[in-house]
């Protein structure tokens with residue numbers, strides 16, 4: 001993915017998902033790029049996701065989405081599942 005394509009994806013995502021932080025969106029784009037180059041996400045991003053770093057969370061999300069439907073078979077994906085579960089949890093509002 002060229003830098004111009006990355007910029008276009010970033011812009012498209014920000015328009016569609018305006019609530020995403022720039023760091024999350026940037027991480028998402030980086031995850032998409034990384035998925036095309038390697039079989040697993042960068043370990044530092046997996047570790048940073050445990051600290052709820054927005055860039056790392058975006059990175060793992062982009063990596064997972066572009067990995068495809070069999071991604072749930074990979075060990076690192078369990079953290080993405082926990083994030084989805086946390087987002088779907090009822091609130092005390």
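Key figures for this structure:
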quantity	calculated
Residue tally, condition modelled with pLDDT of 85 or more and surrounded by fewer than 20 Cβ atoms within 10 Å (Cβ to Cβ), over the range 34-54	14
When residues of the range 1-17 are limited to those that are touching a helix residue (DSSP H, G or I) at 6+ places or on another chain (Cβ under 7 Å) and in a helix (DSSP H, G or I), the one surrounded by the most Cβ atoms within 10 Å (Cβ to Cβ)	13
Enumerated helices (runs of 4 or more DSSP H) restricted to the range 18-84, each holding at least 2 residues that are within 18 Å of residue 6 (Cβ to Cβ) and either in contact (Cβ under 8 Å) with a residue 60 or more places away in the chain or more than 12 Å from the chain's Cα centre (by Cα) (or both)	22-37
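The values are calculated or read from the model by the stated rules, or taken from the named source; none is laboratory data. Nothing here was measured: the structure is a model prediction, and the numbers come from that model. Every residue, glycine as well, gets a Cβ built from its backbone with ideal geometry; the counts of neighbours run over all protein chains shown.
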